[in-house]
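Written below as structure tokens is the structure these notes are about.
Laboratory data are not the source of any read-out in this text; all were calculated from the coordinates shown. Because the structure is predicted, anything quoted here is derived from the model rather than measured.
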Amino acid sequence: MDLERLARRVQITLGVNIALTVVNLGVLYVLLVVVVDEPANVIGQEIPPAQVDDAPQDARTELANFLKRTSDLVDRAARRNGVNPTEYVPTDAEIQAAVASGTIHSEESEAVIQKLREGYDQFGLTWPLVIPRR
């Protein structure tokens, strides 16, 4: 008799747990798919539509920002270590030529990146994970 009652309680407990799991999965689905998938709206701010003509300028700006950030890190690391930064930091003319090329795959950009990578390796810096795509 006691075993039957115990078995019945276990069955009821399992049934309740399964029902609660289904409810929790439903709530999780609603939160992730319905709530999180909605685009964010900022009150009072209007996002301008993307313009195709800005693409080349955006690529150059993105490349210039990337090269500036990476150059600054190498420059600071060199100065901290008492090393002349000109060995590892590209000149402004080199950076301008790379930016003018408009792509990270040009010869000018690759020369600048090679110099920066040497600096990153020399000072034990971690190379940035986000690199311009173009």
Full extension between Asp121 and Thr61 adds, at 0.36 nm per residue less the Cα distance, a length in nm of 19.0 nm
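Hey, any idea what the orientation-averaged projected area of the convex hull of region 56-122's Cα atoms comes to, in nm²? Present the calculation step by step, with values, prior to reporting the outcome.
Details: hull surface 15.6 nm².
Taking the Cα atoms of region 56-122, their convex hull projects to 3.9 nm² on average.
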